[in-house]
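Data block below; observations after.
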Amino acid sequence: MNKDKKLNKSIILKILKEYNLDPNRYIIISGASLVLQGIKEYTSDIDIAVDNTLYNEMLNKYTCTFEKYKDGNKIWYIDNIINFSNNLYTTTKYIEIYGYKAQSLDSILELKRTLHRPKDKKDISLILKYLDTLSIK
């Protein structure tokens with residue numbers, strides 16, 4: 001994966017429209033959800049949690065590159081831009097935004113607190129700062 005990519009809100013929405021996946025069968029998670037919600041400006045890829053049917057359809061329709069195992073589940077890339085798996089689909093809380101399901105902030109916090117990566121610590125800080133501004137208003 002190229003970490004130098006800078007996907008902003010409009011680019012993410014354009015890519016999702018181009019792939020034309022059924023928006024009822026996946027949830028935009030992690031960094032891409034933060035970008036869509038205006039918490040951060042850019043992300044380097046679009047992570048999605050998909051239902052089992054869409055997972056199998058994507059594996060059959062696209063040339064997918066295996067990235068890693070996470071909790072015994074395979075995580076894949078399509079075109080080095082969309083990262084997908086089916087392991088979080090049923091447990092991820094989401095909001096609806098721009099016609100898509102996007103992981104809720106509390107759900108992102110929960111996920112990122114378990115990952116312990118430097119980039120996740122930065123995202124946690126951004127989320128908490130954003131939530132603080134909401135409580136001030």
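The values are calculated or read from the model by the stated rules, or taken from the named source; none is laboratory data. Only a predicted model underlies this, so the values are computations on that prediction, with no experimental measurement involved. FYI the Cβ positions are ideal-geometry reconstructions off the backbone, even for glycines, and counts take in every protein chain you see. Please note that ligands, DNA and RNA were not included when accessible areas were found on the heavy atoms of the full protein model with its side chains. Shrake-Rupley method; radii C 1.70, N 1.55, O 1.52, S 1.80 Å.
So, Y130, is that one among the aromatic types (F, W, Y), in a helix (DSSP H, G or I) and open to solvent by 60 Å² or more (accessible area, probe 1.4 Å) or not? The answer is yes for Y130. Exactly one residue out of K70, K119 is at pLDDT below 95, charged (D, E, K, R) and closer than 21 Å to I11 by Cβ, and it is K119. Inside the stretch 122-137, residues that are within 16 Å of A32 (Cα to Cα) and basic (K, R) make up a count of 1. Among the residues examined, T53 does not qualify as closer than 19 Å to Y19 by Cβ, surrounded by fewer than 16 Cβ atoms within 10 Å (Cβ to Cβ) and touching a Phe, Trp or Tyr at 6+ places or on another chain (Cβ under 7 Å). Scanning the stretch 56-74 for residues being free of Cβ contacts under 8 Å to residues at least 12 places away in the same chain and either surrounded by 15 or more Cβ atoms within 10 Å (Cβ to Cβ) or touching a helix residue (DSSP H, G or I) at 6+ places or on another chain (Cβ under 7 Å) (or both) gives a total of 2.
The set of residues in the stretch 77-107 that are in a strand (DSSP E or B) and more than 16 Å from Y62 (Cα to Cα) comprises Y94, I95, E96, I97, Y100, K101, A102, Q103. Check whether at least one residue in the stretch 100-121 is touching a Pro at 6+ places or on another chain (Cβ under 6 Å) and either closer than 15 Å to Y19 by Cα or hydroxyl-bearing (S, T, Y) (or both), and report yes or no. Yes, there is a match, as at least one residue in the stretch 100-121 is touching a Pro at 6+ places or on another chain (Cβ under 6 Å) and either closer than 15 Å to Y19 by Cα or hydroxyl-bearing (S, T, Y) (or both). Among the residues of the stretch 77-120, those identified as open to solvent by 40 Å² or more (accessible area, probe 1.4 Å), within 14 Å of the chain's Cα centre (by Cα) and among the aromatic types (F, W, Y) are Y89, Y94. Taken as a whole, the stretch 35-53 holds at least one residue that is modelled with pLDDT of 95 or more, part of a helix (DSSP H, G or I) and more than 17 Å from Y130 (Cβ to Cβ).
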